[in-house]
Structure formats: C-alpha cells, structure tokens
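First up is the structure itself, then whatever we jot down about it.
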Amino acid sequence: MSERVPRPRTTPRVRAEIDLDALRANVRSLRARVSGAALMAVVKADGYGHGAVRCARAAKEAGAEWLGTATPEEALALRAAGLPGRVLCWLWAPGGPWREAIAADVDVSVSASWSLREVTDAARAEGRPARVHLKADTGLGRGGCQPADWPDLVADALAAERDGLIQIVGLWSHFACADEPDHPATDAQLARFREMVGQAEAQGVRPEVRHIANSPALLTRPDAHFDLVRAGIATYGVSPAPELGSSADLGLRPVMRLSADLVLVKEVPGGHGVSYGHHYVTPGRTTLGLVPAGYADGIPRHASGTGPVLVDGKLRTVAGRVAMDQFVVDLGGDLPEAGSEAVLFGAGDRGEPTAEDWAQACGTIAYEIVTRIGSRVPRVYVNEHPTG
C-alpha cells in the first residue's frame, strides 16, 4: 500500500495552542524574582505572536501591574478590549495618535524635543495632562535621548509639567547586551542610567518609576530592577538567550505549542527529489509526510533541511525546501495516517522540539520563531480562566 487512509480531522490544519495557565505561572515566577519592583508584561507584536488581549488579561490575573506595547495602536487596542490599569507605549512617529492615547489614559514615551512638543500640544487640546516617561539613550543607540541633549529635554519637560500639560512619571532606558551575561556594555549602560537619572532628579524630576531591566536583566541583574521591570519574551516562557539557560533552567514554561496535521503520507522510491530545487533527494525507498504549513504561516524558510518536527513519537527533520504553504518530512519508512499530528515546537517535555530548538536550526533567536507565526494560523486558547 502506498498511502494511508486519512483519519477525520476535527482541528485546524495548523494551529498555535496558547496555554494561559503557563503564562500565568511564568508571570508569578518572574514577580517572585523582583519583589522590590513592579512587573510590566510586554504584549507588543500581538503578545509576541501569542495574542495580545488574552495574554494581557492572563498576565494581569497573575499579578502584572503594568502592560507594555511598542506602538500606540497596540495600546489603544488593549483599552478597546476593556483592559484597565497602567499601559506604556514607546514607539512613536511624528503625527501619532497622542491625543487618543492621552484620552485613553495611556502612558507615553518621549525621547526628543519633537515628541515632547507633540504630546504637549495634544494634552492642551485634550484638556488633561499626559503621563510621560522620558527615555535616555544609555548606549543602545536606538530610541532615547543622548546624554548631551538630556539636560535640555529634562528642562523642557519640567517646564511643560509646571504648565500642567504633562506629568513626568517615568525615567527609562533599554539594554543592548543584557542577554550576554558578561558583556561590559551592561555595566556601562547601568552606570550611565544612574547618572542620567541623577541629573534629572537634580533638576527637579520626581519619577514614579525608573526602569531599564528587560527579560534577561530581570533574570540576571537584580541591581537593575529599580522600580519596574519589563518582562517581554520571558512572559511567554521562552529563554531570552541560550547563554542564560533553557526555559526549564529558568523556571519558565513555553506558552505556545505549534502543530499541524499531516495531509498526505506516501511511499516513494530512492533517488526521489523533494520540494523546490530538489535540495533533498531520498537516499532510498522511504515514506514522506506532507505538513500543511509554510513560510506564509511563519515557518522560516531557513528551516529548510534543518527544522525539527515530532511525528508519530519520533523526531524528524524538514526535508528539502520550506514552501509558501507546506513542507515535507522524511518519515523513514513509517506510515502514520494522514491526519496524524506533527508538532513543530512546544514545551519540550513530551519529546517535541522547542522554539529555542527551531531558533538554533535556523540561525536566529527564539523571539523571531514565535512572533513570526502569522495570522493565517489560528490561536487556540486553553486554560483561559484561572483555576484555584
């Protein structure tokens, strides 16, 4: 027989199962590490691909005091979904929805004179002060105010505060190399942050929160916790870097499990080319399984020939090129039924690969693996309501 009869399919062809109990456990574990500081659960990029609204709600149920987004549109979507409490957004472009953010009680970040000018104009139009976090560039070289310009930005912000247009509630920055535990840049940035905070406070700023720690600094640098820590990828149970240890080493559980159903299993002879370009040719008579997920779903094309997949209790490898909608695994003569599950990644405790395994196979970071899973892949939420 060259082909197995498929079993009836009752689930989507490919799905990302999101375990909200795992997310809650991660938040509780992270909060326990920062007893002297509040915790922000960062839900940018649609909750790192996991679904921002549901993950934000679960994080707050587990005790996260703040939520963080990159764009104001992401923050406003949280408000539209009815999520209360403190929300900070930090990636602004000229002409952004400042007034809408102020009206929605969203904290905003200011790094330069143009953004301070726009937020004060919006506050004047809205008739209420904006809550502002002044961002310092302590060495990352992306957003944030350079040290040479910092005194002037602080002075202008204080003038706006005296005019009742803003409240300076935060002073903050972001690390460049905290995922490399021994990198000297982290100490240098921390020293610069302390210096710039001291300058602002000497000018009269009385911030509610000072914050610089991202996930890796949260896990490894308690001296960087200050008043607030920002938990990004760690919220979702993914290790920020292999150098820091696996998720299990860090006491975290991956939240996303990505799987698909085989849509075809067939026998082929040796010397048979597989997928575009025939970069894989079967070494002998074997069986092939077709997985209905491809780079349009967020499966990295770089996983061609390297991506690990668990099928029928055995680890397999992507055979040949990942195509737009599908890829193939060599089943080595096994004949699981069409409809059998192929697990791309999950928590790793049932023999399945993890997102970190996929990152290593693709020469990237696990952040990219989970965030690139596209909207064509339905998110299936489990344990949506907390227990106990």
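The values are calculated or read from the model by the stated rules, or taken from the named source; none is laboratory data. All figures in this text were calculated on a predicted structure; none of them were measured in a lab. Here the Cβ positions follow ideal geometry from the backbone for every residue, glycine too, while neighbour counts run over all protein chains shown. Surface accessibility is based on the protein's heavy atoms, side chains included, excluding ligands, DNA and RNA. Shrake-Rupley method; radii C 1.70, N 1.55, O 1.52, S 1.80 Å.
Worth pointing out:
- Degrees, to the nearest 10: 184-203 long Cα axis against longest axis of the chain: 30
- For the pair Thr306 and Val53, a Förster radius of 41 Å applied to the C-beta separation gives a FRET efficiency near 0.75, rounded to the nearest 0.05.
- Arg117, Arg31, ranked by accessible area, largest first (probe 1.4 Å): Arg117, Arg31
- Relative contact order (%) - the stretch 163-255, alpha-carbon pairs under 8 angstrom, separation at least six: 26
- Note on Arg162 and Ala70: with the Förster distance fixed at 25 Å, the Cβ-Cβ geometry gives a FRET efficiency of about 0.25.
- The distance linking the stretch 162-217 with the stretch 269-293 is 53 Å (Cα centroid to Cα centroid, whole angstrom).
- What the stretch 249-326 shows is 43 Å² of accessible area per residue, with the surface traced by a 1.4 Å probe over protein heavy atoms.
- Subtracting the Cα-Cα distance of Glu384 and Ser246 from 0.36 nm times their residue separation leaves 47.1 nm of extension gain.
- Total lysine pairs whose alpha carbons fall under 26 Å of each other in the chain (8 or more apart, or interchain): 4
- Cα centroid separation - the stretch 321-372 against the stretch 122-153, whole Å: 42
- The stretch 192-269 pair-distance distribution - Cα-Cα, 10 Å bins, rounded %: 16, 31, 20, 16, 8, 5, 3, 1
- The modelled label-to-label distance for the pair His272/Lys314, using points 7 Å beyond Cα in the direction of Cβ, is 1.5 nm.
- Nearest-ten-degree value, helix 20-33 long axis tilted from longest Cα axis of the chain: 40
- Take the Kirkwood radius over Cα pairs of the chain, plug it into Stokes-Einstein at 37 °C and 0.692 mPa s, and you get 145 µm²/s for translational diffusion.
- Dipole in debye (nearest 20) - the chain, about Cα centre, beta carbon charges: Lys, Arg +1; Asp, Glu -1: 700
- Overall form of the stretch 37-76 per C-alpha gyration tensor (a/c, 1.5; a/b vs b/c): oblate
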